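Let me begin by presenting the structure, written as structure tokens, before commenting on it.
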Amino acid sequence: MSELLFYKTIRKGIMEKVLEQIKDCILNFDRDSISGKIQEALDAGIEPQKVLNDGMIAAMAEVGRLFEEGEFFVPEMLVAARTMQTGLTLLKPLLVEAGVKSAGKVALGTVKGDLHDIGKNLVGMMLEGAGFEVIDLGVDVPPERFVEAVQASDVKIIGLSALLTTTMPNMKSTVDALKEAGLRGNVKVMLGGAPLTDAYAQEIEADGYAQDASRAVKLARSMLV
Ligand code: B1M
């Protein structure tokens, strides 16, 4: 083996190891170590996008798989997502600087009258983990705020969350408001929340429903192909 090839092999090994360690931080909920590991990766010359894709997004995909297989539950998914968020704080400015394209912009909110935001926040974190840019409109969001969000920027997906049967109709009002504003063709509408169903999504002419945060990522991805 030539000297150059030898050093290249060593370097590749170091890079792979630190990316694995970043994944492990997320899978083991190690918020204290993740920023240090990301810095180590950057210092070793790994591009921020590679850190994001092969370290963090890969870990979040694994989190989603473990959740779907019943090995992780909501609390695990939540702390994993928070660990990823901690790492993203360091990585985000570098990604922006490097002009890394987001997977797409999602405006996310809990609909009017509804104050539940734990599930919505989890969906937002998982979407960010998957490379989407998330505009979090918060809770108790009236239809016109969603319309404004689409008017203001190149939002590709509107994500509506509701936990109360009494606030579900405000999802329909939001879809109707988008239609009235002539914007329905510009965006996909994704629904979620405990009382929601596929049938309801179809009834109000939304584009899809996701049962949980992991499936929300898959749905969002499928909406943009
Ligand atoms: Co409320 N609450 N709550 N509550 N609360 C429920 C929803 C309820 C089912 C409890 C019950 O009676 N068993 C019930 C609703 C009954 C119904 O409508 N059928 C209820 C009620 C009645 C109320 C009040 C009316 C109580 C009162 O004041 N009398 C009141 C309403 C306030 C309001 O919103 N206007 C109220 C208030 C509250 C708190 C403020 C105390 C608190 C919310 C705190 C917060 O969110 N910051 C609260 C909580 C915590 C709950 C329960 C216990 C837990 C909800 C939760 O966070 N789950 C809930 C009972 C329950 O669900 N077991 C209950 C964990 C979370 C991770 O799951 O939100 O389902 P979830 O999100 C999942 C999926 O649904 C999905 O992915 C997430 C992660 O996997 N998902 C999406 C969610 N949004 C998505 C969007 C997507 C895709 C997927 O795409 C855009």
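The values are calculated or read from the model by the stated rules, or taken from the named source; none is laboratory data. The structure presented is a predicted model; accordingly, all values stated were derived computationally and were not measured. Cβ: placed from backbone, ideal geometry, glycine included. Neighbour counts: every protein chain shown.
Identify, please: which residue in region 148-170 is of a type in the set (A, V, I, L, M, F, W, C) and in contact with a helix residue (DSSP H, G or I) (Cβ under 8 Å, 6 or more places away or on another chain) and is, among those, nearest to Ser222 (Cα to Cα)? Quick ask: steps written out before the conclusion?
The first filter runs over region 148-170 and keeps only residues of a type in the set (A, V, I, L, M, F, W, C), leaving 149-150, 152, 155, 157-158, 160, 162-164, 168.
So of that shortlist, the ones also in contact with a helix residue (DSSP H, G or I) (Cβ under 8 Å, 6 or more places away or on another chain) come out as 150, 155, 157-158, 160, 162-163, 168.
Numbers: Val150: 20, Val155: 16, Ile157: 11, Ile158: 14, Leu160: 17, Ala162: 22, Leu163: 24, Met168: 24 Å.
Only one residue tops the list, namely Ile157.
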**Asked** Which residues, taken from region 7-38, are surrounded by fewer than 16 Cβ atoms within 10 Å (Cβ to Cβ) and more than 22 Å from the chain's Cα centre (by Cα)?
**Response** Tyr7, Lys8, Thr9, Ile10, Arg11, Lys12, Gly13, Ile14, Glu16, Lys17, Gly36
**Fill in**
For Ile118, the lone unmet condition from (1) among the hydrophobic types (A, V, I, L, M, F, W, C); (2) within 11 Å of the ligand (Cβ to nearest atom); (3) buried (at least 22 other Cβ atoms within 10 Å of the Cβ) is (3)
**Item:** helices (runs of 4 or more DSSP H) completely within region 159-225 that count 3 or more residues being under 18 Å from the mean Cα position of the chain (by Cα)
**Value:** 213-223
**Item:** Total residues in region 205-217, condition touching a residue at least 24 places away in the same chain (Cβ under 8 Å) and surrounded by fewer than 20 Cβ atoms within 10 Å (Cβ to Cβ)
**Value:** 3
**Asked** Of all the residues that make up region 2-50, how many are assigned to a loop (DSSP other than H, G, I, E, B) and either touching a residue at least 40 places away in the same chain (Cβ under 8 Å) or at negative phi (or both)?
**Response** 7
**Residue check, Ser214 hydroxyl-bearing (Ser, Thr, Tyr) and under 16 Å from Met125 (Cα atoms)** = yes
**Message:** Would you confirm whether or not region 54-77 contains a residue that is buried (at least 18 other Cβ atoms within 10 Å of the Cβ), more than 17 Å from the chain's Cα centre (by Cα) and modelled with pLDDT of 90 or more?
**Reply:** yes
**Message:** Would you confirm, using the coordinates I've provided, whether Thr167 is at pLDDT 95 or above, within 10 Å of the ligand (Cβ to nearest atom), β-branched (Val, Ile, Thr) and within 23 Å of Ala213 (Cβ to Cβ)?
**Reply:** yes
**Prompt:** Do you know which residues across region 186-220 are of a type in the set (Phe, Trp, Tyr) and near the ligand (Cβ under 10 Å from one of its atoms)?
**Reply:** Tyr209
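Within the bounds of region 130-151, is there any residue that is within 12 Å of the ligand (Cβ to nearest atom), over 13 Å from the mean Cα position of the chain (by Cα) and within 30 Å of Gly55 (Cβ to Cβ)?
yes
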**Request:** Out of the residues in region 91-114 that are assigned to a helix (DSSP H, G or I) and surrounded by fewer than 17 Cβ atoms within 10 Å (Cβ to Cβ), state the one that is nearest to the ligand (Cβ to nearest atom).
**Result:** Lys92
